[in-house]
Amino acid sequence: MSLRFDLAANAGGRAYRLLAGLVVPRPIALVTTVDAAGRVNAAPFSFFNVMGVEPPIAVLAPADRDDGTPKDTAANLMANGECVIHLCDEPVAARMVECSRALPPGEDETRRAGFAVRPSEIVRPPVIVDCPVALEGRVLDVRRYGENRLVVVELLLAHVREGVADPATWKVDHSAYAPVGRLNSPDGYLRTTDRFRIAPPGA
Ligand SMILES: Cc1cc2nc3c(=O)[nH]c(=O)nc-3n(C[C@H](O)[C@H](O)[C@H](O)COP(=O)(O)O)c2cc1C
């Protein structure tokens, strides 16, 4: 037997609790952006995924704050369209969470969290060198659906820690790469180290 949860009649907090708890694991994007003065911002987003590869695109959903103003990431993305999306493994997970602290605009979460950064190649936001993966990207589109804001980002360049992806085949070696995911708010995370295989049909 199953229970019914009327999502259409319960948008907002209850729908978040249910859906964000059910649709797991979610990947986490730690996103660096810059404001008009070039000041760095970093924040994690788990309403995030890669959505296509021709061109390579990712979608994230940086919401508004409770006072109705866009979070710094959303404001920066709408103002100048540039970002670096990082994937995080366990050694950087606590620092990623530290970057979710609401700091005043212009205060650099990477510094507060103790991350090291270096310049990106294409975009102005920096690469966090401690993260195993950094994806330089540029905004293609921003859509609003009610209170939701979806930002579509074209991914331009991937920086991948040596040993994680084969430079000839581009295949990823998951014995060398274990990003963390989000399980539930406020403090639930999970590892990607417990794996199994299912052969595809006909294999
Ligand atoms: C793991 C994790 C995932 C998060 N995912 C989202 C998300 O998808 N959308 C969102 O608006 N906030 C999300 N947050 C909250 C933001 O990171 C937080 O509001 C942050 O302060 C925003 O920073 P900014 O104002 O510098 O952009 C998440 C927080 C954590 C720790």
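The values are calculated or read from the model by the stated rules, or taken from the named source; none is laboratory data. Note that the structure is predicted; figures quoted are calculated from it, not measured. Ideal geometry is used to build each Cβ from the backbone, glycine not excepted, and the neighbour counts take in all protein chains shown.
Worth pointing out:
- Checking each residue in the range 1-18 for being under 26 Å from the mean Cα position of the chain (by Cα) and over 17 Å from Gly146 (Cα atoms) picks out Arg17, Leu18.
- Leu103, sole failed condition from (1) surrounded by fewer than 20 Cβ atoms within 10 Å (Cβ to Cβ); (2) modelled with pLDDT of 95 or more: (2)
- Selection status of Tyr189, in contact (Cβ under 8 Å) with a residue 12 or more places away in the chain and not polar (S, T, N, Q): yes
- Checking each residue in the range 152-203 for being surrounded by 12 or more Cβ atoms within 10 Å (Cβ to Cβ) and within 25 Å of Arg17 (Cα to Cα) picks out Val152, Pro179, Val180, Gly181, Arg182, Leu183, Asn184, Gly188, Tyr189, Leu190, Arg191, Thr192.
- Residues of the range 94-132 satisfying the condition of being polar (S, T, N, Q) and over 20 Å from Pro27 (Cα atoms): Ser120
Yes or no, residue by residue, for (1) within 18 Å of Leu156 (Cβ to Cβ); (2) surrounded by fewer than 18 Cβ atoms within 10 Å (Cβ to Cβ); (3) within 15 Å of the chain's Cα centre (by Cα):
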{"position": "Asp72", "(1), (2), (3)": "no, no, yes"}
{"position": "Asn80", "(1), (2), (3)": "yes, no, no"}
{"position": "Val84", "(1), (2), (3)": "yes, no, yes"}
{"position": "Met96", "(1), (2), (3)": "no, no, yes"}
{"position": "Ser120", "(1), (2), (3)": "yes, no, no"}
{"position": "Ile128", "(1), (2), (3)": "yes, no, yes"}
{"position": "Val133", "(1), (2), (3)": "yes, no, yes"}
{"position": "Gly137", "(1), (2), (3)": "yes, no, yes"}
{"position": "Val142", "(1), (2), (3)": "yes, yes, no"}
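- Exactly one residue out of Glu54, Glu98 is among the charged types (D, E, K, R) and in contact with a helix residue (DSSP H, G or I) (Cβ under 9 Å, 6 or more places away or on another chain): that is Glu98.
- Flag if Glu90 is within 14 Å of the ligand (Cβ to nearest atom), of a type in the set (Asp, Glu) and buried (at least 20 other Cβ atoms within 10 Å of the Cβ): no
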